[in-house]
Ligand SMILES: Nc1ncnc2c1ncn2[C@@H]1O[C@H](COP(=O)(O)OP(=O)(O)OP(=O)(O)O)[C@@H](O)[C@H]1O
Ligand SMILES: [Mg+2]
């Protein structure tokens, strides 16, 4: 099991302006691989890549310096009621001891030696302070050798350097980790992840890369080979895609099981596992031996959160034949990753199966929306805003966003795809970027920014590529923007080649964290994580994924709850999106109950965690109620995820799965009526409700305006086409001010032939 479920985090180089997370090389460290989870591989050929220390990561992401994390232990000398009185103590008082010690601490050679022993500036100061306290404490009984050394320094002018050995021994008691530093560095050496998978390393794998744009038949062909094989595993990026491959494979007469984080389904039953398995990429077992493996959307290697799962699947899947499907931008990186194990890649290039055109016209106004349009934005709030505006025009769109349960997503997709259903417009977040087969004719980008940054071109290509899907009603796809002014930006983005992937996600394994903890038995899990981050080293082409941020957050929440390390770790990697207090409270309650040794039953969940008076809950009447139900769905999903890992403590998987199915249906009805929910909010009767509705409408409007402004700013400031924008504005301003003749001269001077664009 890997450490992370999914970070821009510790090291993000050359991506999205995260250069603040740059690391610096480690001057010297072990060149040995510590096979914590696997045996070192004799086939390893390449020289060890350069190491990097992780530095400069924000504190809330576990990026503290090692020296800031470790705490000094208090070490006191034995005490006597009365001070010793002998030859060696005579004339040696606290002041003379303190003077000798201060002189010692000022010596550069002492600092240098201390640094060589793992005591950087901060630790040195702390250790020295503790040593001084120890030596000058009232009635302290110093060991004879130290006492003699002090005597010689003070009375016989011996050098203060002689104190170093005593100081170092003391420092090791104050900071026990310094003795284990080399081991800690070896354990947290993440530079050679290909050596973590002994099963895969016993096979000389054949690697086939199906490279091409979206909608070019890559997955189709790889799955064909998967089904022909005697045994196989499909690793998909989403539950819905894993489910699709599972259903389709069984339909075609090849028995196939399915595993996702929350669910296991069998073609026959758990006693008769099938030879074929469809799973989400995180769930791949690297000890399962198969003939053919398919790793879909391999370019996800670069994903901040989940990239580690693709890196792990690529290096760790134990298959004779590994089929990778994805963007050509990943080819060179795949070569680089497998080069140390002596494997090569065979590339098959694909062409798009149906054309995709960039429109010359923006949508400009929602009353120009047409059947087959999918309006795409990047936040749920903007979805609400757009849906509200469509509602005013009498259009009831299908709505898809990430928080919706799978059933609700599929039912919305089905409504939109059904030619007999009056719903033929879709409003969605980038949740449709991968996977769902949708009948989209035109993708309309409501904006091209996300958190004030222009979206990367590979993302725009993925989303745009959903239009004109092969085999759907629309043979040709169109991509456009809402604002006319953004068309140029869209062209720029889509026209640029996707830059080759230069850095991929990685994460430590549980076993590495566990081994780390053996050396630091006193450290809390949060401290353990911080320490791991601060000493671990990775090669230049890896970054550690961002889930560690979430993991650390969870670890803080349950820091005081008594749990064994493995249980705590598992709780901390559960896929709950914590952004509100209710979900955090549910998480902590579950951990507390677990810690008390009492079962987490259906009744307890419903009464104590979910706080539901009736089940299934009523159809939501307002947006707030809909969002509450979505949160409940996520909490039950977390239960299901945990119950697959701790079935003894969480025995009601089946009842909870039924409950989540019911909830999914209630949410489906809610989202189907989302337009009515807006309307209902205004007709609730009370003045207060009406006021709330008014405020909500104003908020939605604000959200929409903010998006438009953000887009305009990005166009002006960030794009290379900035100068074009200026030229246009000069011409625009000149119109009406200059004569036709002067305008012509100005146009020529600006190199502009006509009024196009
Ligand atoms: N040879 C084929 N025969 C019939 N249908 C096909 C064929 N190739 C592709 N398709 C269909 O075309 C659609 C797109 O194919 P596929 O999903 O394999 O594309 P892709 O390249 O993997 O796209 P993406 O990058 O978006 O995942 C699918 O519905 C698929 O079933
Ligand atoms: Mg595909």
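The values are calculated or read from the model by the stated rules, or taken from the named source; none is laboratory data. The structure presented is a predicted model; accordingly, all values stated were derived computationally and were not measured. Neighbour counts run over all protein chains shown; Cβ positions are idealised from the backbone, glycine included.
One table, with the values for the structure above:
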{"item": "Filter pass, residue 486 being part of a helix (DSSP H, G or I) and touching a strand residue (DSSP E or B) at 6+ places or on another chain (Cβ under 9 Å)", "result": "yes"}
{"item": "In region 452-491, residue surrounded by the fewest Cβ atoms within 10 Å (Cβ to Cβ) [restricted to those that are at positive phi and within 16 Å of ligand 2 (Cβ to nearest atom)]", "result": "471"}
{"item": "Failed condition for residue 204, given (1) within 16 Å of ligand 1 (Cβ to nearest atom); (2) surrounded by fewer than 20 Cβ atoms within 10 Å (Cβ to Cβ); (3) under 24 Å from residue 342 (Cα atoms)", "result": "(1)"}
{"item": "Residue ranges of helices (runs of 4 or more DSSP H) in region 88-161 with at least 2 members under 45 Å from the mean Cα position of the chain (by Cα)", "result": "108-116, 121-136"}
{"item": "Of the criteria (1) out of contact with any strand residue (DSSP E or B) (no Cβ under 6 Å at 6 or more places or on another chain); (2) over 30 Å from residue 188 (Cβ atoms), which one residue 527 fails", "result": "(2)"}
{"item": "From the options 233, 148, 136, 160, residue that is touching a strand residue (DSSP E or B) at 6+ places or on another chain (Cβ under 6 Å) and more than 29 Å from residue 536 (Cα to Cα)", "result": "233"}
{"item": "Subset tally (residues that are in a loop (DSSP other than H, G, I, E, B) and closer than 22 Å to residue 309 by Cβ) for region 500-527", "result": "6"}
{"item": "Candidates 312, 289, 302 - the one that is at pLDDT 95 or above and either closer than 30 Å to residue 654 by Cα or within 16 Å of ligand 2 (Cβ to nearest atom) (or both)", "result": "289"}
{"item": "Subset of region 207-223 that is assigned to a strand (DSSP E or B) and more than 10 Å from ligand 2 (Cβ to nearest atom) - its residue that is nearest to residue 495 (Cα to Cα)", "result": "211"}
{"item": "Region 317-369, residues that are farther than 26 Å from residue 196 by Cα, more than 16 Å from ligand 1 (Cβ to nearest atom) and part of a strand (DSSP E or B)", "result": "357, 358"}
{"item": "Hits in region 433-456 (condition: touching a strand residue (DSSP E or B) at 6+ places or on another chain (Cβ under 6 Å) and within 14 Å of ligand 1 (Cβ to nearest atom))", "result": "440, 443"}
{"item": "Residue among 57, 74 that alone is modelled with pLDDT under 75 and in a loop (DSSP other than H, G, I, E, B)", "result": "57"}
{"item": "Matching residues in region 305-328 - criterion: being surrounded by fewer than 21 Cβ atoms within 10 Å (Cβ to Cβ) and under 26 Å from residue 467 (Cα atoms)", "result": "328"}
